[in-house]
Amino acid sequence: MKNIVKQIIGLGFSVLLLVSCKKEYLTPVPQTAIADLTAFDSPERVLNQVRSIYQALKNGNFYGGRYQVYGDIRADDFINETTNGVTGFDVWNLNPLGTSQNSVKNLWSQAYYTINLCNLFIDGMAVKGTSVVGTTLSNNYLGEARLVRALSYYSLLQYYARPYADGNGSKPGLPLRLTGIKGSGFSDLARSTVAQVYTQILADLDFAEANLPATYTSNELNTTRAHRNTAIALKTRVYLSMQNYGAVVTEGNKLANQATAPFKATNGGVQDSLQPNITTIFGAAPVYNTTESIFSLPMTSTAGDNPGTQNQLGFYFVRNGSSLGAAEYSMNPSGILANTNWSATDARRVSLVYLNASTGKRFVSKYQNPSPYLDYAPVIRYSEVLLNLAEGLARTAAGGGVDAKALALVNAVRKRSDPATTITAATQQQLIDAILLERRIEFLGEGLRNNDIMRLLQTIPAKGSVPAKTPSETGYIWPISADELSLNRLMTDN
């Protein structure tokens, strides 16, 4: 019952954020509760609503950890070590997950809770908030809310709906809720098609691009709050999932319009760029707010302001002696580790893969903060924009040839970590394959592998004792949450 209330009612605005999302810009809120009618009475109260949206997004059941974890463990580069159903064993095992499984219910619930907070905020700004903060700041805030709503709907599509490539978006998508729900009895809504949901996602991101600030006053804010480039970057991901490669190129060129490396965003906003060393972003002493981290979610030691038990990225992926991680998922020795095109001297292999000498098993060690695991949760980095753009260019090359800029883009990412290697390609397909391989290496432990398999309508490869899963088999996508099915009389299961 708790998840049902959380998902559909979303608590309205009766409870404000009780903890900070990051000290620099999300200060503790003195009020513990504000009536709905007064939630938009002052600029600070309006800002509190924005803060609550980010807080919901970074919940451990969503982008605070579980979403990224599921995106990796469904695929073929990890082996489950614990058979613990609480920590995703059913997800890894590619079972036909039941509608009442915690993984199915909790991700759905938290995503729709986040969406409802966005909707309630948008509604409240129309009624009162805009008059309180003024049009410009109102549009900035609305851009943040609509970007988070777009990201949430996009994320749900990757698990609960058929890929866009299956029927060009004609298959059942999600209930497209665009107004806030404050009480029970308003949950009946049929599923929109996948294409209709993507249309709304892109409308939200276009609005966000047009209305978000070009930059904030600090690197921390530029990393942890959405700005104009955040919307553009996410559009490259969305269009890639739709296989609209021409649009990927259009959006990607806004952030990397140079013909050769070094690539950099020069559009008058945040000057996003690759860091010279990948270990600046991940590892033992990471800097979370560089220009490469376009959007990350901050964590603090304040109670409730970190992912919580068994949700943290470090908990799942790392084992380093006895003090860090739970060794839930080791790296599959037959997965990306076995690929001979991933050099042994690559910094991502040398510094971000940990060998447990006592077991001979390897673990992704991007997240090396010990309990309570305060590594920022990555949402999108500039390296992804470069590889999205590279793939868009490669797939739209005139005459099916090898696009020079696409080759330069993938080499920019590779050479940052492996300067001795130069990627070459004699054919268009060789270049595409090189880009897809680079994505597997670059985004290990960041949750993108499942998205890449699904968007290309590929078979999920076998791993360990788990057989391959073809796109036509049960379990290729998840069932709909039992909570939704019980509340929404118009909802249909997968």
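A Förster radius of 25 Å, combined with the Cβ-Cβ distance separating residue 301 from residue 218, puts the computed FRET efficiency at roughly 0.75. When only Cα pairs below 8 angstrom with a gap of at least 6 residues are kept, the range 206-357 shows a relative contact order of 17 percent.
Averaged over its residues, the range 162-315 has an accessible area of 37 Å² per residue, based on protein heavy atoms and a 1.4 Å probe.
Go ahead and run the numbers for FRET between residue 357 and residue 83, Cβ-Cβ distance against an R0 of 30 Å, rounding to 0.05.
Result of the calculation: an efficiency of 0.80.
All other residues whose Cβ lies under 12 angstrom from that of residue 333 are scored, Lys and Arg at +1 and Asp and Glu at -1, for a net of +1.
Exceedance of the 31 Å cut-off in Cα-Cα distance is limited, within the set 171/361; 105/463; 105/469, to 171/361.
Projected label points at residue 338 and residue 41, each 7 Å from Cα along the beta carbon direction, are separated by 6.5 nanometres.
To put it simply, the accessible area of the range 126-255 at a 1.4 Å probe is 53 percent carbon and sulfur.
Accessible surface computed residue by residue for the range 324-381, with neighbouring protein chains in place and a 1.4 Å probe, gives 39 Å² per residue. Centroid-to-centroid, using Cα positions, the range 107-134 and the range 138-207 are 14 Å apart. Mind checking the angle between helix 382-395 and the chain's longest principal axis? C-alpha axes, 0 to 90 degrees, to the nearest 10. Tilt relative to the chain: about 70 degrees.
The accessible surface of the range 361-476, taken with every protein chain in place and a 1.4 Å probe, is 53 percent carbon and sulfur. Other residues whose C-beta falls under 10 angstrom from the C-beta of residue 237 contribute a net charge of 0, scoring Lys and Arg +1 and Asp and Glu -1. Here's how it looks for residue 97: its modeled amide H is under 5 Å from none belonging to a residue 5 or more places away or on a different chain. Accessible surface computed residue by residue for the range 117-160, with neighbouring protein chains in place and a 1.4 Å probe, gives 26 Å² per residue. Residue 309 sits among other residues whose Cβ lies under 13 Å from its own Cβ, and their net charge, with Lys and Arg +1 and Asp and Glu -1, is 0.
Percent of C-alpha pairs per 5 Å bin in the range 56-149, short distances first: 3, 13, 18, 17, 13, 10, 8, 7, 6, 4, 1.
Its Cα gyration tensor gives the chain an equivalent ellipsoid; the semi-axes, largest first and in whole Å, are 33, 26, 24. For the range 328-410, the relative contact order works out to 18 percent when only alpha carbon pairs closer than 8 Å and six or more residues apart are counted.
Remark: relative contact order (the chain) = 21 percent; criterion is Cα-Cα distance under 8 angstrom and separation of 6 or more residues. Residues whose amide H lies under 5 Å from that of residue 261, counting only those 5 or more places away or on a different chain, are absent; hydrogens are built 1.01 Å from N in the peptide plane. Report the Cα centroid-to-centroid distance between the range 295-355 and the range 427-483 in angstrom, as an integer. Here the two parts' Cα centres lie 19 Å apart.
The values are calculated or read from the model by the stated rules, or taken from the named source; none is laboratory data. These figures come from a predicted structure and were not determined experimentally. All Cβ positions, glycine included, derive from the backbone under ideal geometry; neighbour counts span all protein chains shown. These area figures cover heavy atoms from the full protein model, side chains too; ligands, DNA and RNA do not enter into them. Shrake-Rupley method; radii C 1.70, N 1.55, O 1.52, S 1.80 Å.
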